[in-house]
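The values are calculated or read from the model by the stated rules, or taken from the named source; none is laboratory data. Small disclaimer: the values here were computed from a predicted structure and weren't measured. Positions of Cβ are backbone-derived with ideal geometry, glycine not excepted, and every protein chain shown enters the neighbour counts.
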Amino acid sequence: MSTMKKSLASLAAAIALVSTSLSAVADEPRYNLVSLHAEASQEVAHDLMHVTLYSEEQASDPAKLAATTTTAINEAVTQARKVKNVTVSLGSRNSYPVYDDKGQKITAWRERAELRLESADFAALSQLSADLLGKLKMGGMSFSIADATRQQNEDNLMKNAVAAFKARAQLLTSALGGKDYRLVNLNLSSAGAPHPMPVMRMATMKADAAGYAPAPQIEAGTSQVTVSADGTIEVQMP
(Lines give C-alpha, C1' and ligand atoms only; values in the text may rest on other atoms or scores of the structure.)
Protein backbone atom coordinates (compact mmCIF):
# COMPACT_ATOMS: atom_id res chain seq x y z
CA MET A 1 0.00 0.00 0.00
CA SER A 2 1.37 3.46 -0.94
CA THR A 3 2.21 6.09 1.70
CA MET A 4 -0.72 8.31 0.58
CA LYS A 5 -3.17 5.43 0.78
CA LYS A 6 -1.92 4.55 4.27
CA SER A 7 -2.38 8.17 5.39
CA LEU A 8 -5.89 8.32 4.01
CA ALA A 9 -6.75 5.03 5.68
CA SER A 10 -5.41 6.28 9.02
CA LEU A 11 -7.37 9.54 8.67
CA ALA A 12 -10.56 7.63 7.88
CA ALA A 13 -10.06 5.43 10.92
CA ALA A 14 -9.52 8.48 13.13
CA ILE A 15 -12.68 10.16 11.83
CA ALA A 16 -14.66 6.98 12.42
CA LEU A 17 -13.34 6.78 15.98
CA VAL A 18 -14.30 10.41 16.72
CA SER A 19 -17.75 9.91 15.20
CA THR A 20 -18.26 6.83 17.35
CA SER A 21 -17.20 8.74 20.48
CA LEU A 22 -19.54 11.66 19.73
CA SER A 23 -22.39 9.27 19.04
CA ALA A 24 -21.76 7.54 22.35
CA VAL A 25 -21.86 10.87 24.18
CA ALA A 26 -25.06 11.87 22.41
CA ASP A 27 -26.70 8.54 23.26
CA GLU A 28 -25.50 8.60 26.85
CA PRO A 29 -28.56 8.45 29.12
CA ARG A 30 -29.17 11.51 31.25
CA TYR A 31 -30.79 11.60 34.67
CA ASN A 32 -32.17 14.29 36.99
CA LEU A 33 -33.08 16.59 34.13
CA VAL A 34 -34.80 19.84 35.07
CA SER A 35 -36.32 22.37 32.67
CA LEU A 36 -35.89 26.01 33.65
CA HIS A 37 -37.22 29.37 32.54
CA ALA A 38 -35.77 32.78 33.37
CA GLU A 39 -36.13 36.20 31.84
CA ALA A 40 -34.97 39.78 32.04
CA SER A 41 -37.17 42.77 31.15
CA GLN A 42 -36.77 46.49 30.77
CA GLU A 43 -39.01 49.41 29.86
CA VAL A 44 -37.62 51.14 26.77
CA ALA A 45 -38.77 54.55 25.63
CA HIS A 46 -40.21 54.79 22.13
CA ASP A 47 -37.85 56.72 19.90
CA LEU A 48 -39.60 56.43 16.53
CA MET A 49 -42.81 58.20 15.56
CA HIS A 50 -45.17 57.06 12.78
CA VAL A 51 -47.93 59.16 11.24
CA THR A 52 -50.44 58.18 8.57
CA LEU A 53 -52.26 60.94 6.67
CA TYR A 54 -54.76 60.39 3.91
CA SER A 55 -56.77 62.06 1.19
CA GLU A 56 -60.34 60.86 0.72
CA GLU A 57 -62.70 62.48 -1.76
CA GLN A 58 -65.86 61.66 -3.66
CA ALA A 59 -66.86 62.74 -7.19
CA SER A 60 -68.97 61.59 -10.11
CA ASP A 61 -66.05 61.57 -12.56
CA PRO A 62 -63.48 58.91 -11.57
CA ALA A 63 -60.75 60.42 -13.78
CA LYS A 64 -61.06 63.87 -12.22
CA LEU A 65 -61.25 62.27 -8.78
CA ALA A 66 -58.00 60.39 -9.40
CA ALA A 67 -56.32 63.58 -10.61
CA THR A 68 -57.47 65.49 -7.53
CA THR A 69 -56.21 62.76 -5.21
CA THR A 70 -52.86 62.56 -6.99
CA THR A 71 -52.39 66.32 -6.79
CA ALA A 72 -53.16 66.39 -3.06
CA ILE A 73 -50.76 63.55 -2.31
CA ASN A 74 -47.99 64.95 -4.53
CA GLU A 75 -48.19 68.36 -2.90
CA ALA A 76 -48.02 66.78 0.54
CA VAL A 77 -45.04 64.64 -0.46
CA THR A 78 -43.20 67.69 -1.80
CA GLN A 79 -43.82 69.58 1.44
CA ALA A 80 -42.85 66.63 3.63
CA ARG A 81 -39.55 66.03 1.80
CA LYS A 82 -38.42 69.54 2.76
CA VAL A 83 -38.36 68.54 6.43
CA LYS A 84 -35.07 66.93 7.52
CA ASN A 85 -34.91 63.50 9.13
CA VAL A 86 -38.44 62.55 8.04
CA THR A 87 -38.92 59.38 5.99
CA VAL A 88 -41.74 59.75 3.45
CA SER A 89 -43.53 56.85 1.76
CA LEU A 90 -46.86 56.18 0.08
CA GLY A 91 -49.36 53.87 1.71
CA SER A 92 -52.37 52.13 0.21
CA ARG A 93 -54.55 53.72 -2.44
CA ASN A 94 -57.94 52.50 -3.59
CA SER A 95 -61.15 53.68 -5.18
CA TYR A 96 -64.62 52.19 -5.15
CA PRO A 97 -68.07 52.98 -6.55
CA VAL A 98 -70.86 54.56 -4.50
CA TYR A 99 -74.30 53.14 -5.32
CA ASP A 100 -77.78 54.53 -4.94
CA ASP A 101 -80.17 53.47 -2.20
CA LYS A 102 -81.22 50.42 -4.19
CA GLY A 103 -77.64 49.34 -4.71
CA GLN A 104 -78.07 49.10 -8.48
CA LYS A 105 -76.76 52.32 -10.00
CA ILE A 106 -73.37 53.95 -9.49
CA THR A 107 -73.91 57.53 -8.41
CA ALA A 108 -70.31 58.51 -7.62
CA TRP A 109 -66.79 57.29 -6.96
CA ARG A 110 -64.78 57.53 -3.76
CA GLU A 111 -61.00 57.38 -3.57
CA ARG A 112 -58.57 57.19 -0.67
CA ALA A 113 -54.77 57.47 -0.72
CA GLU A 114 -52.36 57.33 2.22
CA LEU A 115 -49.12 59.12 3.01
CA ARG A 116 -46.88 57.63 5.69
CA LEU A 117 -44.30 59.61 7.64
CA GLU A 118 -41.67 58.35 10.06
CA SER A 119 -39.07 60.17 12.16
CA ALA A 120 -37.10 60.11 15.38
CA ASP A 121 -37.56 63.89 15.59
CA PHE A 122 -40.94 64.02 17.30
CA ALA A 123 -41.21 67.81 17.28
CA ALA A 124 -40.48 68.10 13.55
CA LEU A 125 -42.87 65.34 12.54
CA SER A 126 -45.58 66.62 14.87
CA GLN A 127 -45.39 70.09 13.34
CA LEU A 128 -45.25 68.72 9.79
CA SER A 129 -48.34 66.58 10.44
CA ALA A 130 -50.21 69.59 11.78
CA ASP A 131 -49.20 71.66 8.75
CA LEU A 132 -50.34 68.97 6.31
CA LEU A 133 -53.81 68.80 7.84
CA GLY A 134 -54.76 71.63 5.49
CA LYS A 135 -54.35 69.19 2.60
CA LEU A 136 -54.90 65.78 4.19
CA LYS A 137 -56.72 64.11 7.08
CA MET A 138 -55.18 62.32 10.05
CA GLY A 139 -55.28 58.56 9.75
CA GLY A 140 -53.32 57.63 12.84
CA MET A 141 -50.25 58.17 14.97
CA SER A 142 -48.15 55.51 16.71
CA PHE A 143 -44.74 55.05 18.30
CA SER A 144 -42.19 52.26 18.34
CA ILE A 145 -38.63 51.36 19.28
CA ALA A 146 -36.06 51.77 16.52
CA ASP A 147 -34.31 48.56 15.45
CA ALA A 148 -30.89 49.76 16.62
CA THR A 149 -32.27 50.74 20.04
CA ARG A 150 -34.07 47.40 20.45
CA GLN A 151 -30.93 45.47 19.48
CA GLN A 152 -28.81 47.36 21.99
CA ASN A 153 -31.26 46.72 24.82
CA GLU A 154 -31.68 43.05 23.88
CA ASP A 155 -27.90 42.55 23.96
CA ASN A 156 -27.78 43.89 27.51
CA LEU A 157 -30.83 41.92 28.60
CA MET A 158 -29.38 38.72 27.14
CA LYS A 159 -26.56 38.82 29.70
CA ASN A 160 -29.07 39.42 32.50
CA ALA A 161 -31.31 36.57 31.33
CA VAL A 162 -28.38 34.13 31.27
CA ALA A 163 -27.30 35.27 34.74
CA ALA A 164 -30.87 34.77 36.02
CA PHE A 165 -30.95 31.29 34.45
CA LYS A 166 -27.65 30.32 36.11
CA ALA A 167 -28.86 31.62 39.48
CA ARG A 168 -32.08 29.63 39.21
CA ALA A 169 -30.19 26.54 38.09
CA GLN A 170 -27.92 26.78 41.12
CA LEU A 171 -30.90 27.31 43.42
CA LEU A 172 -32.73 24.23 42.13
CA THR A 173 -29.57 22.15 42.25
CA SER A 174 -29.19 22.97 45.94
CA ALA A 175 -32.88 22.35 46.59
CA LEU A 176 -32.60 18.88 45.04
CA GLY A 177 -29.52 18.06 47.08
CA GLY A 178 -27.19 18.06 44.11
CA LYS A 179 -23.52 18.97 44.20
CA ASP A 180 -23.43 20.65 40.79
CA TYR A 181 -25.27 20.80 37.49
CA ARG A 182 -24.46 20.45 33.81
CA LEU A 183 -26.11 22.54 31.11
CA VAL A 184 -27.85 20.34 28.54
CA ASN A 185 -29.35 23.04 26.32
CA LEU A 186 -30.25 26.72 26.41
CA ASN A 187 -32.44 28.80 24.10
CA LEU A 188 -32.65 32.59 24.13
CA SER A 189 -35.55 34.55 22.63
CA SER A 190 -36.69 38.15 22.72
CA ALA A 191 -40.08 39.85 22.62
CA GLY A 192 -41.50 43.34 22.95
CA ALA A 193 -44.90 44.11 24.40
CA PRO A 194 -46.00 47.60 23.31
CA HIS A 195 -48.25 49.51 25.67
CA PRO A 196 -51.58 50.72 24.23
CA MET A 197 -51.28 54.26 22.90
CA PRO A 198 -54.23 56.67 22.67
CA VAL A 199 -55.23 57.64 19.14
CA MET A 200 -54.68 61.34 18.56
CA ARG A 201 -57.39 62.99 16.50
CA MET A 202 -55.54 66.00 15.19
CA ALA A 203 -58.10 66.49 12.45
CA THR A 204 -60.50 67.91 15.05
CA MET A 205 -58.13 70.67 16.14
CA LYS A 206 -59.04 74.20 15.22
CA ALA A 207 -56.71 76.03 12.88
CA ASP A 208 -55.05 79.24 13.97
CA ALA A 209 -55.35 82.60 12.22
CA ALA A 210 -52.83 81.53 9.55
CA GLY A 211 -54.84 78.41 8.76
CA TYR A 212 -52.51 75.91 10.47
CA ALA A 213 -53.51 73.41 13.13
CA PRO A 214 -51.41 73.54 16.33
CA ALA A 215 -48.87 70.77 16.86
CA PRO A 216 -49.98 68.44 19.68
CA GLN A 217 -48.00 67.61 22.78
CA ILE A 218 -46.30 64.25 22.32
CA GLU A 219 -46.25 61.44 24.89
CA ALA A 220 -44.46 58.60 23.12
CA GLY A 221 -44.70 56.06 25.95
CA THR A 222 -42.64 52.90 26.35
CA SER A 223 -42.54 49.23 25.45
CA GLN A 224 -41.33 46.37 27.59
CA VAL A 225 -38.48 44.48 25.97
CA THR A 226 -37.97 40.97 27.33
CA VAL A 227 -35.32 38.33 26.72
CA SER A 228 -36.22 34.81 27.84
CA ALA A 229 -33.84 31.98 28.64
CA ASP A 230 -35.32 28.47 28.42
CA GLY A 231 -33.18 25.42 28.91
CA THR A 232 -32.50 22.10 30.58
CA ILE A 233 -29.92 21.18 33.18
CA GLU A 234 -28.78 17.83 34.52
CA VAL A 235 -28.40 17.87 38.28
CA GLN A 236 -25.36 15.88 39.41
CA MET A 237 -26.06 14.10 42.67
CA PRO A 238 -23.38 13.30 45.29
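Beta carbons closer than 7 Å, at least 6 apart along the sequence or on distinct chains, pair a first residue in region 148-166 that is assigned by TED's automatic domain parsing to the domain that holds LEU188 with a second that is among the small types (Gly, Ala, Ser) and surrounded by fewer than 17 Cβ atoms within 10 Å (Cβ to Cβ) for ARG150/GLY192. From the list THR69, THR52, the lone residue that is within 20 Å of LEU117 (Cβ to Cβ), among the β-branched types (Val, Ile, Thr) and out of contact with any Lys or Arg (no Cβ under 7 Å at 6 or more places or on another chain) is THR69. Candidates GLN217, GLN224: the one that is surrounded by fewer than 16 Cβ atoms within 10 Å (Cβ to Cβ), part of a strand (DSSP E or B) and at pLDDT 60 or above is GLN224. No other residue among LEU117, LEU136 is within 19 Å of THR68 (Cα to Cα), modelled with pLDDT of 95 or more, out of contact with any Lys or Arg (no Cβ under 7 Å at 6 or more places or on another chain) and aliphatic (A, V, I, L, M) apart from LEU136. The set of residues from region 71-119 being under 18 Å from GLN58 (Cβ atoms) and not in a strand (DSSP E or B) comprises THR71, ALA72, ILE73, ASP100, ASP101, GLY103, LYS105. Considering region 65-74, and only residues there that are surrounded by 15 or more Cβ atoms within 10 Å (Cβ to Cβ) and not aliphatic (A, V, I, L, M), the residue that is nearest to the chain's Cα centre (by Cα) turns out to be THR69.
Examine region 47-54 for a residue that is loosely packed, with under 10 Cβ neighbours inside 10 Å and at pLDDT below 95, and state whether such a residue exists. There is no residue in region 47-54 that is loosely packed, with under 10 Cβ neighbours inside 10 Å and at pLDDT below 95.
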